[in-house]
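Below is one structure, written out as structure tokens; comments come after it.
The values are calculated or read from the model by the stated rules, or taken from the named source; none is laboratory data. Keep in mind that what you see is a predicted model, and the values were worked out from it rather than measured. Note: ideal-geometry Cβ built from the backbone for every residue, glycine included; neighbour counts use all protein chains shown.
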């Protein structure tokens, strides 16, 4: 009778459904000398807790204060940010000067041609977007027919 009760408790234990009192009962059972042979394999699992209580920490552990870690971390982060800003300004200083000259034409015919080219490119992209919207509308109509009817 007691063996079947222990088997049921073990099953509940492995399912994670035991209470603290039931787990203590399992620990007491497996620490005793009256353990069934087929349950002997679980003895080290429950015997570990008793042995772990006996262990004591003998080494002194040096603790590093969090203030030092935070100070080094903030210093390192500020250095990285400063390097990033410096690198960005160094490599992008010339590109800003080149872009200032864009968009100005002395000849009106050149300006008209450039404007027409830009508008044609814009029109092509808008047409592609409209085609995509038409596919979506066709999909919506087909979906409504399929799911409503």
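Do we find a residue being outside the structural domain of residue 23 (by TED's automatic domain parsing), at pLDDT below 75 and within 33 Å of the chain's Cα centre (by Cα) anywhere in the range 75-89?
First pass over the range 75-89, keeping only residues outside the structural domain of residue 23 (by TED's automatic domain parsing): 75-89.
Filter again for at pLDDT below 75, leaving none.
No, every residue in the range 75-89 fails to be outside the structural domain of residue 23 (by TED's automatic domain parsing), at pLDDT below 75 and within 33 Å of the chain's Cα centre (by Cα).
Can you name the residue in the range 25-55 that is without any contact (Cβ under 8 Å) to a residue 12 or more places away in the chain and closer than 19 Å to residue 11 by Cβ and, of all such residues, is surrounded by the fewest Cβ atoms within 10 Å (Cβ to Cβ)?
Looking only at the range 25-55, we keep the residues that are without any contact (Cβ under 8 Å) to a residue 12 or more places away in the chain, and these are 28, 32-35, 37-38, 40-41, 44, 48, 51-55.
Those still in the list that are closer than 19 Å to residue 11 by Cβ too: 28, 35, 37-38, 40-41, 44.
Numbers: 28: 10, 35: 17, 37: 7, 38: 9, 40: 10, 41: 9, 44: 10.
Step by step, filter the range 25-55, then rank; the result is 37.
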